[in-house]
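Asker: Below you'll find the structure I mean.
Every number here is computed from the coordinates shown, using simple stated rules; none is lab data. These numbers come from a predicted model, not from an experiment. So basically every Cβ, Gly included, is an ideal-geometry build from the backbone, and we count neighbours across all protein chains shown.
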Amino acid sequence: MTGPVLAVDQGTSGTKALVICPERGVIGSGSAPVNPRYGTGGSVETDPEALLSSVLDAGRQALADAGEPVAAVGLANQGETVLAWDPATGRPLTDAIVWQDRRSEPICAELAPHADDLTRLTGLPLDPYFAAPKMAWIRRELTRAGVVTTSDAWLVHRLTGAFVTDAATAGRTQLLDLDRVAWSSEALAVYGLAGERLPEVVDADGQVGITTAFGPATPLSGLLVDQQAALLAQSVTEPGVAKCTYGTGAFLLAQTGSRPRRTTTGLVSCVAWRLGGRTSYCLDGQVYTAASAVRWLTDLGVISGAADLDPVGSAVPDSGGVTFVPALAGLAAPWWRGDLRGSLTGLGLDTGPGQLVRALCEGIAAQVVELAEAAATDLGAPLTGLRVDGGLTRSTLLMQTQADLLQLPVEVSALPDVTALGVGAVARMGLDPELTAEQAVPAWKPSAVYEPRISATEAAERLAGFRREVAALLDRTPAVDRTPAADR
């Protein structure tokens, strides 16, 4: 039995840290904010030193709260956020380009003839969401110096001196061969990154180095990208069940087992984790704006925050015919149209905050339904349930809307901060090779289960209204022609 571990989840808008004891559960916690900067032209950036400071601050808070030492540290990361940095000094050479940043769209347009080959190799569609287009953009627009990597490699280097990334995070770059779980020379050449020094791809549960950043020398023995850490923490280790995390965006993942399943529906096929040299795979779908759409309504003064969703939305019986497609940062899977803008239709003089809130909840939930149905198609069998986590799961209105439109039970995690719990489990496995994932992860016990309260017919009608508005958006905004001018 290993002792307590420190699990750190470095996220888009903040870092959370937990001290987790295998016998007593969470015995300490800490958090620190991160403030991405949203600029013109689709830019989203963060000061890398602020990311590191948030990791140190949150981790030290959690340790102080626990009041006892830990046996290991685990680190979860944002996935597709990248930066250039000096490997000799660890000094950042650029800001961190956040996963939401869209400035590499011209590079994706230029590489369109290679799109099918890249997807076949890596499992990922050609889109600025992933790390490789951002890495190529940094090299073209900002600097050729140093190394360019995902943010986890830089954080681990600053903590331990190691130069590594876990297999699941590497799988978010569009530079990893999905079948071999190794860097793809072909993909690197397509992106003009063939000469780059890249971090070693390691297991999630490997001891990668020693850190003294949190006090006494402690092994860093767990690394995993955030959404896959949440998948593990929710015990989604077999096909049939999916999980969805409602954070800045919403992210649905479904386990596919020991072999990659190429998607036919527009989802992402990627590494779930590599533990003890054995790789598991998953299907992944994204909604770009969930909590960020709630923040948008808040900034407009419609509500005062996420806590208002239930009281404001429940004050009216329905959306009053209002349909909200909250594509405020574009549409991700299965459409992959980051250039789209959101739409709000069906407004009338009787439209008030309650109708807008209900329409937003339906818009978020409807996108998740699209992802769940796509996953079921790729798996060849319907999903049996959805396990959910994240801040927005506190909204009864959103969760009931999700169950109604999905026509499946929605199980809300009883444990907060599941991403940290997942990477904490991996850190324990890194200390004890005999420990299995099932043993390391707390038994799944939902705090609430939402069952559908409307008929399948009514759910289909409401989804059809949402899909009509998405179709109208697609019609009004033709896809950018990514064919190079010389080939037109």
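Asker: For T15, enumerate residues with amide H under 5 Å from its amide H, sequence gap 5+ or separate chain, H modeled in the peptide plane.
Answerer: A32, V34
Asker: Could you pull out every residue, at least 5 positions away or on a different chain, whose amide H is within less than 5 Å of the one on G321? Hs are placed 1.01 Å off N in the peptide plane, and Pro or chain starts have none.
Answerer: So G321 has HN proximity to no qualifying residue.
Asker: Restrict the search to the stretch 210-275; then list the trypsin sites (Lys or Arg not before Pro) that DSSP places in a loop and that have at most 14 other Cβ atoms within 10 Å of their Cβ.
Answerer: R262
Asker: Round to a whole angstrom and tell me the spacing of the C-alpha centers of the stretch 227-298 and the stretch 15-57.
Answerer: 20 Å
Asker: So, one more: Counting other Cβ atoms within 10 Å, keep those with at most 15, restrict to DSSP loop, and tell me which GluC sites (Glu not before Pro) in the stretch 1-96 are left.
Answerer: E23
Asker: Now for a different question. Magnitude of the Cβ-charge dipole of the stretch 5-234, K/R +1 and D/E -1, about the Cα centre, nearest 20 debye?
Answerer: 360 debye
Asker: Give the span of the stretch 5-234's Cα atoms along each principal axis, as three whole-Å numbers ordered largest to smallest.
Answerer: Extents along the principal axes, in whole Å: 56, 37, 34.
Asker: Separate question: Neighbouring Cβ atoms within 10 Å as the yardstick, rank Y246, Y129, Y450 fewest first.
Answerer: Y450, Y246, Y129
Asker: Per DSSP helix of 4 or more residues, -39500 (n - 2.57); summed, then divided by the residues of the chain. What does that give at 222 nm, rounded to the nearest 500?
Answerer: Per the formula, -10000 deg cm²/dmol.
Asker: Now a separate question. How large is the direction-averaged shadow of the alpha-carbon convex hull of the stretch 310-361, in nm²?
Answerer: Taking a quarter of the hull surface, the average projection is 4.0 nm².
Asker: For the residues T165, T40, T396, T279, what sequence is obtained by ranking on other C-beta atoms within 10 Å, fewest first?
Answerer: Ascending number of Cβ neighbours within 10 Å: T40, T396, T279, T165.
Asker: Here's a follow-up. If each residue's Cβ is checked for other Cβ atoms within 10 Å, how do M135, M399 rank with the fewest at the top?
Answerer: Arranged by neighbour count, lowest to highest, M135, M399 become M399, M135.
Asker: Counting other Cβ atoms within 10 Å, keep those with at most 12, restrict to DSSP loop, and tell me which trypsin sites (Lys or Arg not before Pro) in the stretch 10-63 are left.
Answerer: R24
Asker: What is the Cα convex hull volume of the stretch 156-291 when expressed per residue in Å³?
Answerer: Dividing the Cα hull volume of the stretch 156-291 by its residue count gives 136 Å³.
Asker: Output ³J(HN,Hα) for the stretch 341-352: one whole-Hz value per residue in order, computed from phi by the Karplus curve 6.51 cos²θ - 1.76 cosθ + 1.60 with θ = phi - 60°, and x for Gly and Pro.
Answerer: Values, residue by residue: 10, x, 9, 9, 10, x, 6, x, 5, 8, 6, x Hz.
Asker: Additional query: Can you work out the Karplus-derived ³J(HN,Hα) for every residue in the stretch 193-201? Use 6.51 cos²θ - 1.76 cosθ + 1.60 with θ = phi - 60°, whole Hz, and x for glycine or proline.
Answerer: These are the phi-based 3J(HN,Hα) values: 10, 4, x, 6, 8, 10, x, 5, 8 Hz.
Asker: Could you give the C-alpha radius of gyration of the stretch 92-149 expressed as a fraction of 2.2 N^0.38 Å, taking N as the number of residues it contains?
Answerer: Output field value: 1.13.
Asker: Hey, can you rank 424-430, 350-356, 297-303 by average C-beta count inside 10 Å, highest first?
Answerer: By packing density, highest mean first, the sequence is 424-430, 350-356, 297-303.
Asker: I need the per residue convex hull volume for the stretch 1-60, using only the alpha carbons, in cubic angstrom as a whole number.
Answerer: 74 Å³
Asker: Another question, then. Stretch R140-L328 to full length: gain in nm at 0.36 nm per residue minus the Cα-Cα span?
Answerer: Gain on stretching R140 to L328: 64.9 nm.
Asker: Taking the Cα atoms of the chain, report the difference between the largest and smallest coordinate on each principal axis, in whole Å and largest first.
Answerer: Dimensions of the chain along the principal axes of its Cα atoms: 63, 62, 43 Å.
Asker: Further question: Contact order normalised by length for the stretch 5-234, with contacts defined as Cα pairs under 8 Å and 6 or more residues apart; what percent is it?
Answerer: After rounding, I find 19 percent.
Asker: Residues with amide H under 5 Å of A72's amide H, sequence separation 5 or more or different chain, H placed in the peptide plane at 1.01 Å from N; which?
Answerer: L6
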